[in-house]
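Beneath this line is the structure, given in structure tokens, with notes to follow.
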Amino acid sequence: MLQHLDLTKILFLDIETVPNYPYYAAVPAVEQHLWDEKSKYQRKEEFSAEEFYERAGIWAEFGKIICISVGYFTPQQHPRAFRLKSFLGEEAQLLKEFKILVNQHFGTAKHRLCGHNAKEFDFPYIARRMLIHQIEIPKTLQLFNKKPWEVPHLDTLHLWRFGDYKHYTSLKLMAYVLGIPSPKDDIDGSQVAQVYYEEKDLDRIARYCERDVLTVAQVFLKLRNEQLLSEEEVFYSKNESDLSKK
């Protein structure tokens, strides 16, 4: 079902987010009130708004993006080459750099963006944070008035659901059942804010994010019944010079 898609026209991605502030006491009073209201339904009576604040990074109104990692197959190269790159640091700047990459190399009707649960998290989160920073949203993230078949997004979670929208499968579980080797674990999503605010180790977060992007690409290959990428086929890029032929 996916074999007709050109792999070199797909940008695989994942984002890492954290709360806007390192802890609840640092949140301005007006935002504390808004957070109390916003989180009330999910936390119910189990947690106070302060206790629940560690999850604030999930919402674009109360969190920010600290890393966007992308992966892409290099065209016209044998054997296959899959390149990984991360945009990290100050949010407005990394969003601008990500936008340039998308517009210049993945912005036509033939291109697709792909992530895991990205239709419900990564794609709208990026678009909302761009609006907050008054950055024009790339066409590939503009969905208004588009019919479902016109949306240039792929989501490995949705592909695995096969129409069953009650079903959620994590990327880690999906990789396991599909026989995709898991890289050595370092941190998980629940530890990203701590590594960011306390250890200030963005490179460690980027490595974690890039591993997820690679796993998404491996899952996508499995869904196409294709051979997985070997370690020799994966490269870590420092620039986009190899994208010039896209």
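FYI, it's all coordinate maths here, none of it is from the lab. For clarity, every value in this text was computed on a predicted model and none was experimentally measured. Positions of Cβ are generated from backbone atoms using ideal geometry, with glycine treated the same way; all protein chains shown enter the neighbour counts.
Quick one: which residue in Arg80, Arg43 is in contact with a strand residue (DSSP E or B) (Cβ under 7 Å, 6 or more places away or on another chain) and surrounded by 15 or more Cβ atoms within 10 Å (Cβ to Cβ)? Walk me through it before giving the result.
On the way: Arg43 fails: in contact with a strand residue (DSSP E or B) (Cβ under 7 Å, 6 or more places away or on another chain).
Unique residue meeting the criteria: Arg80.
The set of residues from segment 26-82 being of a type in the set (S, T, N, Q) and assigned to a helix (DSSP H, G or I) comprises Gln32, Ser39, Gln42. So, Lys172, is that one out of contact with any His (no Cβ under 8 Å at 6 or more places or on another chain), surrounded by 12 or more Cβ atoms within 10 Å (Cβ to Cβ) and within 24 Å of Lys64 (Cβ to Cβ) or not? No.
Have a look at Leu101, Leu94 and point out the one that is among the aliphatic types (A, V, I, L, M), closer than 28 Å to Ile135 by Cβ, assigned to a helix (DSSP H, G or I) and in contact with a strand residue (DSSP E or B) (Cβ under 6 Å, 6 or more places away or on another chain).
Numbers: Leu101 fails: in contact with a strand residue (DSSP E or B) (Cβ under 6 Å, 6 or more places away or on another chain).
Exactly one residue qualifies, and that residue is Leu94.
Could you check how many residues of segment 3-40 are of a type in the set (S, T, N, Q) and surrounded by fewer than 15 Cβ atoms within 10 Å (Cβ to Cβ)? Matching residues across segment 3-40 total 1. Checking the stated criteria, Lys146 turns out to be out of contact with any Cys (no Cβ under 8 Å at 6 or more places or on another chain), basic (Lys, Arg) and in a loop (DSSP other than H, G, I, E, B). If you scan segment 188-222, which residues turn out to be out of contact with any Pro (no Cβ under 6 Å at 6 or more places or on another chain) and surrounded by fewer than 16 Cβ atoms within 10 Å (Cβ to Cβ)? Within segment 188-222, Asp188, Gly189, Ser190, Gln191, Gln194, Glu198, Glu199, Lys200, Asp201, Asp203 meet the criteria.
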